[in-house]
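Heads up: the structure comes next, in structure tokens.
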Amino acid sequence: MADTPTPEEMLRISLDPGPAGPADAAPVFRKGTYSYGAPLKHQVYLDLPNQRQWQPHDADWQLPEDWKTRILDGMAQLLKKHRSFRLFLDTCVRCGACADKCQYFIGSGDPKNMPVRRAELLRSVYRRYFTVAGRLLGRLAGARDLTEPVLREWFYYFYQCSECRRCSVYCPYGIDTCEITMMARELLNLVGCNIQWVVEPASNCFRTGNHLGIPPHALKETLEFAVDEVKDLTGIHVDLSLNRKGAEVLFVAPSADFFASPHWYTLLGYLVLFHEIGLDYTWSAYASEGGNFGLFHSSDLAKRLNAKIYAEARRLGVKWILGGECGHMWRVLHQYMDTFNGPASFLEEPVSPMTGTHFTNARSTRMVHITEFTADLIRHGRITLDPSRNDGWRTTFHDSCNPARAVGLFEEPRYILKHVCNAFFEMPENTIREKTFCCGSGAGLGADENMETRLRGGFPRANAVRHVKEAHNVNLVACMCAIDKASLPPLFEYWVPGVEVAGVHELVGNALVMAGETRSTTLRGEPLPQGKGSDDVH
Amino acid sequence: MGEVAAALLAVLVLASMPALGVGLLRGHLLFGVIVPWAAMAVFIWGFLFKVIGWLASPVPFPITTVAGQQRSLPWIKAQPLESPSTRGAVLGRMALEILLFRSLARNDRIELKRAEKLVYGSSRYLWLGALMFHWSLFFILFRHLRFFTQPVFPGVAAIEYVDGAFKVNLHALFATDVLAALGLIYLFARRLFSPQVRAISLPADYFSLFLIIAVVATGILMRQGFYVDVFKAKELAMGLATFHPALPRGIGTLFYVHLFLASVLFAYFPFSKLMHGPGVFLSPTRNLRNDSRARRHANPWDHPVKVHTYEEWEDEFRTAMKGAGMPVEKE
């Protein structure tokens, strides 16, 4: 981050695009703002089109001869396959309600990051080739030719959208820029314009079962290490179950939980919780990834990666599937999995073995979100919690885009947090729940080389955190998304130092009173706070 | 400024065509019958073509935009109008969206203040302006049934009575006319003076606005000062509606300008962003239930994809797995 501008420099921007509006020109691929191209090896592994070693800042993008035809044919195909695409291209009235709702616009002031302008990048080409007015009137009808500068512009701006769907909440016609971005990325993929941070994890996942590329034996070692750590922290030996046939539940989490920090503490949280309630569950090494970077590439690749979860559930003979804390993973599981790879008739309707609760909202996919599961445990008094163990934290909750706007998981995590933390404070209402801001790194944007874009996109979230830090001395942001856990720490270090990030189940793991435990530290190994905390839950 | 001027010029040219055509060239048949009929034919054909085109593309995935608490555990209060899990709740959500512009009512405004502070403010003017304009337009169109039905369509007289309670020089000044005009002026001013909206506006956006403003303005003028013969106007309109064209002379040129601009608006409608009206009914982020884990959504073009099977995966890692003491399918 040596070249990254300071916060003061970063905010020398204006949200007033000026009377002329943005110039219609190819973007400059300035260091820090864009992601690197996909490595050849992974393009080959996934059989992607137009394989070559390539970078966005190259003068020659080595496009295939017929690139224009490929894109226009692809567009015709997508228009036939997705009503959303056709409708969202046709119905926008440019009312501007979305203009200042995108975190990338708010953080950059770049007019083409206004959702409506982002969509116009594609819409203008649609008009030119697919509408009467655009064919006849050209620029006067807002149409433009598909040229290589236009393609570069697509690449630049459709990889500056995190598919968070915040704009879609505000649009009077429900136009969802995420759909537009997904289609644009499908089209870019047809001519081999992809980014490393999407294609490499997807390729890893296809081969090994997870984005990080952890092979099964290494995964086992990692989990054994976690078991040892739980023993050190709590004095309790938890059983490890991996690829075990006949378990009642298959547990799938994002693979970042196996290695990254602070994800690791959430993993410890899962382990102590499942041990304490005696859940009969197994991890899988083949389906060791809940996240799905295929979603940021194409619906086909998303389906290819997602197939492993049901296939593994069937092979292991489990009754139902429990899913860990992850954002876009839950977009796929909630809105795509059943359609992609269902019906899951070989599973049973999920029932909590501890409380007997039928998760009727998951009766078809047969996959339950961990906060639904844990909230139900707490509601039925099946676990003993000592929230004062989290008194070192003054906590707020960041709604992750997809659990919020794809699933509607608002109260489940809050119910849990209010039972495991004594000091809980909400951020301003324009920045939470369905109006939540993205961390700035979703949809494959979490690389290092595009840090400036990430910091700009994360600015509105960080700013809301700063508000609760100043008002309530908040020092912890709880969340339930692996990308949040990876991207929020550097984001806060930059914009609002002194605030840390934790998964909901890390806090559950801290507060959980276990039979026979000897605990003097939190799951992070920090001494438990002394004495009882205040009761100021808000 | 170029877009605004071009759009304004286009509407002025359009308005001058019937003024000259009827006023000087006696083109009553063309402007009184042929153009309106042709416009209506284009409208119906274009409208159906577009909507059928939309319907022809399936909705492969349940992409509901969820804006409230899902229905999950029985003790958690769900928000069915923001996250509908039943058909009835979808109807409620759609009704709020279509009749009251629910999403627009959420609108807020963000400002970047000094000292790196983002400030949020409520911004309901767009919602208010849009509601005012659209509802007024609805009542104006409804009132126009007086010209196309005999006996007059039920309810029209009642609406006219309430709507026209204000009188100027003994002539009714319809409240909806005034509100529609105010709404249009607001929408235009916003496009001109809000820097963000200005930056995203296309010539077509100004053109639609000017065209509708011109239709409404000529409509108002015919009742305020530039009177036309309303009875003859109805005779012509009834002729159009019943396919027995009548061309009474002496209605007044302004009527033909109004009729022509309205005809252009109808003919233009299916090829423009004005199709947002029918479009909102079909919007998959709004009209689908949020129940995709409870009920499977089928994709009509679903096709098999190349997957990495468990067997292929175990083949690659079997030796290492056995070394680590992990269970395998094939020894």
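A few comments on the model shown:
- Candidate set: the range A:411-421, residues that are more than 17 Å from A:Val465 (Cβ to Cβ) and touching a residue at least 40 places away in the same chain (Cβ under 8 Å); chosen: the one surrounded by the fewest Cβ atoms within 10 Å (Cβ to Cβ): A:Lys418
- For A:Ala247: the one exception among (1) of a type in the set (Gly, Ala, Ser); (2) under 27 Å from A:Arg405 (Cβ atoms); (3) in a loop (DSSP other than H, G, I, E, B): (2)
- Test: residue in the range B:106-121 that is assigned to a helix (DSSP H, G or I), surrounded by 12 or more Cβ atoms within 10 Å (Cβ to Cβ) and in contact (Cβ under 8 Å) with a residue 12 or more places away in the chain: no
- Candidates A:Phe340, A:Phe346: the one that is within 29 Å of A:Thr208 (Cβ to Cβ) and away from chain B (no Cβ under 12 Å) is A:Phe346.
- If you go through the range A:411-440 and keep only what is in a loop (DSSP other than H, G, I, E, B) and more than 21 Å from A:Cys98 (Cα to Cα), you end up with A:Cys421, A:Asn422, A:Ala423, A:Phe425, A:Glu426, A:Met427.
- Residue pairs meeting the criteria (Cβ under 6 Å; at least 6 apart or on separate chains; first over 26 Å from B:Leu104 (Cα atoms), in the range A:426-448; second of a type in the set (D, E, K, R) and assigned to a loop (DSSP other than H, G, I, E, B)): A:Ala443/A:Glu163
- Inside the range A:346-395, residues that are closer than 30 Å to A:Ala423 by Cβ and basic (Lys, Arg) make up a count of 4.
Okay, residues lined up against (1) surrounded by fewer than 24 Cβ atoms within 10 Å (Cβ to Cβ); (2) not in a helix (DSSP H, G or I):
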| position | (1), (2) |
| --- | --- |
| A:Gly442 | no, yes |
| A:Glu449 | yes, yes |
| A:Thr453 | no, no |
| A:Pro460 | no, no |
| A:Glu470 | yes, no |
| A:Ile483 | no, no |
| A:Ala486 | yes, no |
| A:Leu491 | no, no |
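- Enumeration of residues in the range B:3-44 that are surrounded by fewer than 17 Cβ atoms within 10 Å (Cβ to Cβ), in a helix (DSSP H, G or I) and free of Cβ contacts under 8 Å to residues at least 12 places away in the same chain: B:Ala5, B:Leu9, B:Leu12, B:Val13, B:Ser16, B:Leu20, B:Ile34, B:Ala41, B:Ile44
- Residue count for the range B:303-331, restricted to those that are assigned to a helix (DSSP H, G or I), crowded, with 16+ Cβ neighbours inside 10 Å and touching a helix residue (DSSP H, G or I) at 6+ places or on another chain (Cβ under 9 Å): 5.
- Filter pass, B:Pro80 being farther than 21 Å from A:Met427 by Cα, facing chain A (nearest Cβ under 10 Å), assigned to a loop (DSSP other than H, G, I, E, B) and of a type outside the set (D, E, K, R): no
Results for (1) among the charged types (D, E, K, R); (2) part of a loop (DSSP other than H, G, I, E, B), shown as yes or no for each residue.
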site: A:Arg139; (1), (2): yes, no
site: A:Cys167; (1), (2): no, no
site: A:Leu187; (1), (2): no, no
site: A:Gly192; (1), (2): no, yes
site: A:Val198; (1), (2): no, no
site: A:Cys205; (1), (2): no, no
site: A:Gly213; (1), (2): no, yes
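- For the range A:101-116, a residue qualifies if it is at the interface with another protein chain (Cβ under 7 Å from one of its Cβ atoms) and modelled with pLDDT under 95, and exactly one does: A:Pro111.
- Just one residue in the set B:Val51, B:Val22, B:Val42 is of a type outside the set (D, E, K, R) and more than 12 Å from chain A (Cβ to nearest Cβ); that residue is B:Val22.
- Of the criteria (1) within 7 Å of chain A (Cβ to nearest Cβ); (2) surrounded by fewer than 22 Cβ atoms within 10 Å (Cβ to Cβ); (3) part of a helix (DSSP H, G or I), which one B:Trp75 fails: (3)
- Which listed residue is touching a Pro at 6+ places or on another chain (Cβ under 7 Å) and of a type in the set (D, E, K, R), from A:Lys81, A:Lys68: A:Lys81
- Considering each residue of the range A:266-274 in turn, at least one proves to be crowded, with 24+ Cβ neighbours inside 10 Å and of a type in the set (Phe, Trp, Tyr).
- Residue check, A:Gly291 touching a residue at least 12 places away in the same chain (Cβ under 8 Å) and either in contact with a helix residue (DSSP H, G or I) (Cβ under 6 Å, 6 or more places away or on another chain) or hydrophobic (A, V, I, L, M, F, W, C) (or both): yes
- B:Leu96 vs. criteria assigned to a loop (DSSP other than H, G, I, E, B) and under 30 Å from A:Thr339 (Cβ atoms): no
- Hey, A:Thr282 within 10 Å of another protein chain (Cβ to nearest Cβ) and either without any contact (Cβ under 8 Å) to a residue 60 or more places away in the chain or surrounded by fewer than 24 Cβ atoms within 10 Å (Cβ to Cβ) (or both) or not: no
- Some residue of the range A:324-335 being of a type in the set (D, E, K, R) and either farther than 23 Å from A:Arg382 by Cα or within 12 Å of another protein chain (Cβ to nearest Cβ) (or both): yes
- Filter result for B:Ala157 (more than 14 Å from chain A (Cβ to nearest Cβ), farther than 30 Å from A:Leu455 by Cα, among the hydrophobic types (A, V, I, L, M, F, W, C) and not in a helix (DSSP H, G or I)): no
The values are calculated or read from the model by the stated rules, or taken from the named source; none is laboratory data. Only a predicted model underlies this, so the values are computations on that prediction, with no experimental measurement involved. Because the Cβ atoms are built from the backbone with ideal geometry, glycine has one as well, and the counts that use them run over all protein chains shown.
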